[in-house]
Amino acid sequence: MMFDMAKMMSQAKKMQDQMVKIQDELASTRFEGRSKNGQVTISCTGKFEDWKVDIAPDANSSGTSALVAEALEALTQSIMSQTQDKMGALTKGLNIPGLKLPGM
């Protein structure tokens with residue numbers, strides 16, 4: 001079996017182009033998490049940039065700052081999970097030896 005360097009380089013370039021597209025799509029996708037009662041909303045891009053936090057004015061009026069903090073933590077985890085799911089969906093089919101990507 002003969003090693004084809006040109007073919008390997010072509011495949012590497014194709015994979016690199018696919019990864020750039022995946023990164024661009026993640027960067028342009030906004031992910032959002034909302035608390036069950038709707039009083040706290042967090043959103044950011046798939047690159048975890050441009051964070052927005054919206055807390056309803058009455059969310060802390062009854063001394064529920066601990067609940068707000070718990071909601072922020074849960075929503076942050078939700079957003080991270082959403083981005084991992086999206087990355088898994090976008091990278092499905094890419095077979096990169098030694099690289100563990102979500103969804104593969």
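Which of the residues spanning region 22-36 are without any contact (Cβ under 8 Å) to a residue 60 or more places away in the chain and surrounded by 11 or more Cβ atoms within 10 Å (Cβ to Cβ)?
Hits for region 22-36 are GLN23, ASP24, ALA27, THR29, ARG30, PHE31, GLU32, GLY33, ARG34, SER35.
Residues that are assigned to a loop (DSSP other than H, G, I, E, B) and of a type outside the set (S, T, N, Q): does region 23-38 have at least one?
yes
What pairs come up if the first residue lies in region 81-104 and is at pLDDT below 60, the second is surrounded by 11 or more Cβ atoms within 10 Å (Cβ to Cβ) and outside any helix (DSSP H, G or I), and their beta carbons are under 8 Å apart, counting only those six or more places apart or on different chains?
Cβ pairs passing all conditions: LEU101/LEU94; GLY103/LYS92; MET104/LYS92; MET104/LEU94.
For the list (1) among the hydroxyl-bearing types (Ser, Thr, Tyr); (2) surrounded by 14 or more Cβ atoms within 10 Å (Cβ to Cβ); (3) modelled with pLDDT under 80, I need the number of the one condition that SER62 fails.
Against the list (1) among the hydroxyl-bearing types (Ser, Thr, Tyr); (2) surrounded by 14 or more Cβ atoms within 10 Å (Cβ to Cβ); (3) modelled with pLDDT under 80, SER62 comes up short only on (2).
The values are calculated or read from the model by the stated rules, or taken from the named source; none is laboratory data. The shown structure was predicted, so the numbers you read here are calculated from the model rather than taken from an experiment. All Cβ positions, glycine included, derive from the backbone under ideal geometry; neighbour counts span all protein chains shown.
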